[in-house]
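Read through the structure below, which is laid out as structure tokens, and then see the notes.
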Amino acid sequence: MSSVLSMAFPILSHWLIVCFLSPLFLGVIAKVKAFFSGKVGPSVFQPYFDLAKLFRKKCVYSSTVTWIFRAAPVVILAVMLVLALLVPFGRFKAPVQFSGDILLAVYLLALGRFFMILAALDTGSSFEGMGASREAYFSCLSELAMFMNFITLALLAKSISLSQMVGAHIPMTWGGLEPALLLVVASFFIVLLAENCRIPVDDPETHLELTMIHEVMILDHSGVDLAYMLYAAAMKLFIFSGLLVSIIIPVRTGDHWTDMAIFFGAMLGLAVLIGIVESTMARLRLNRVRLLLLISFALAFFGLIVTLWRA
Amino acid sequence: MMSWIDVSCILAVFLALTILATHRIVGMIKIIALQSFLLSFVPLFLHAEAISGRDIMLSGGTMVLKAVLVPAILFWTIRHISMRSEIKPIIGLGTSILCGAVLIAVAFWISLSLRLPGKFESSLVLPCSLATMLLGFMIMVTRTRAITQVLGYLVIENGIFLFASSLYDAMPMLIEMGILLDIFVAVFIMAIVLNHINEEFERTRSPVHRPKWGESQ
């Protein structure tokens, strides 16, 4: 019994972190954006209230949709919860880790995206079809950059397990300010913004169908389904940020509490940074998004070359 | 201070890559100014333990000329010849970024078999300077306007500067200063020539009213 508990504890603590802190991350970004536009802005806990409101509501389904539309929110949320188990959050080691789990992580992301695209197509709305096509196109490019980054990290850490790659082994190379990591961080930040539909790529606040990507795909979801989708999107942003923070600041002071403070402080800093990027940049024109993602790929590729060169 | 050289080498290539993706001339000039500014620190990084007057002169001269004066002249030019800021490359921006990535790989591959006299402070200097030069060529070849070709030329020069400053001990300062002056004069002449071309054409087209930059006809 106790062994089951000791196995379950890391998993539960991981889920608790993701479930409780991911809406806060969005709240901090919104607060920073409000500050930059000279407003007070909603409280940082507003995303929790929004989710709570949606969880109390009933779902409305169009008569054209099939089971895929109903399954998609559940699948997407489940994918994010499983993905969260593969990612280390500072001192909280990933509960599930094995050699090659990086592929599982990327394919889980792809599975979530696949269901989101299918659900969008399932509604038969031409706008949602457009959003789905954009999502498929841009994610195709961002996955390329992501894989390049992961290859570089795998070469640096000499391991293909996500926990090893972004965990405690990288700091050895940061010690000498490994220039390849600089490229990986820059490239991964672009991937983070693109994958989570943040501003230079997509504006999470606009509801103009012609310009949006992620928001247009969830237009037909309502109530609990919408809450699942939004919650999953918040978790995805949190997981990506966790990965980026682990690459930038690998925690290695001995003290448990200091490490946790460093990690969550860095997450807060990253949320502020994303808020600043969103406030100071305009959304790119759709045909320029492609260029941004290609730049991200070129950076990752350059990082890979530099790593190979110095190896 | 080895790692700072590495970082500036990498940033030089990174900025050259972003120039390939930039679609406005103003943006390109800003990035080139930033690149020149970064590279002007390289002589200081190379001799961090004992910075001589020569290092400071080289660094300061480069900074003033390439990061301040040359961009100022370029800005003056585009303001005075009321040109459209959008560039029209021969091959698309996306393709040129991918070509740029390939060129970086080529630069690293070439420098594998390049044996040069003199010692390099960092193993990244040679491939990164080659990559910057190749990307500069790429900018020159794919952008059709006169001013964008000058910008490509400036990127190439930044690559050469990176290369030369690492071979610093083997090269007299006079040559480096001469090159800097050459560039300055070249950009200056380009500005005047562009201005003249523009005036000629404007005069033949609309003798009554010449629109200023930003003013609609």
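Results, tabulated for the structure shown:
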read-out	value
Condition met for A:T173 (farther than 25 Å from A:V106 by Cβ, at pLDDT below 80 and of a type in the set (S, T, N, Q))	no
Any hit, the range B:43-60, residues being within 14 Å of chain A (Cβ to nearest Cβ) and surrounded by 17 or more Cβ atoms within 10 Å (Cβ to Cβ)	yes
Residue pairs meeting the criteria (Cβ under 8 Å; at least 6 apart or on separate chains; first within 15 Å of A:A300 (Cα to Cα), in the range A:148-165; second among the polar types (S, T, N, Q) and at pLDDT 85 or above)	A:M148/A:S187; A:N149/A:S187; A:T152/A:T307; A:L155/A:T307; A:L156/A:T307
Residues (under 16 Å from the mean Cα position of the chain (by Cα) and in contact (Cβ under 8 Å) with a residue 12 or more places away in the chain) located in the range A:20-55	A:L21, A:S22, A:P23, A:L24, A:F25, A:L26, A:G27, A:V28, A:I29
Wholly enclosed helices (runs of 4 or more DSSP H) of the range A:1-113 bearing at least 3 residues loosely packed, with under 14 Cβ neighbours inside 10 Å	A:2-36, A:46-55
Helices (runs of 4 or more DSSP H) fully within the range A:204-311 counting 1 or more residues that are within 14 Å of chain B (Cβ to nearest Cβ)	A:286-310
The range B:64-98: number of residues that are buried (at least 19 other Cβ atoms within 10 Å of the Cβ) and within 14 Å of chain A (Cβ to nearest Cβ)	4
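The values are calculated or read from the model by the stated rules, or taken from the named source; none is laboratory data. Quick caveat: nothing in here was measured; it's all calculated off a predicted structure. Don't worry about glycine lacking a Cβ; one is built from the backbone with ideal geometry, like all the others, and counts go over all protein chains shown.
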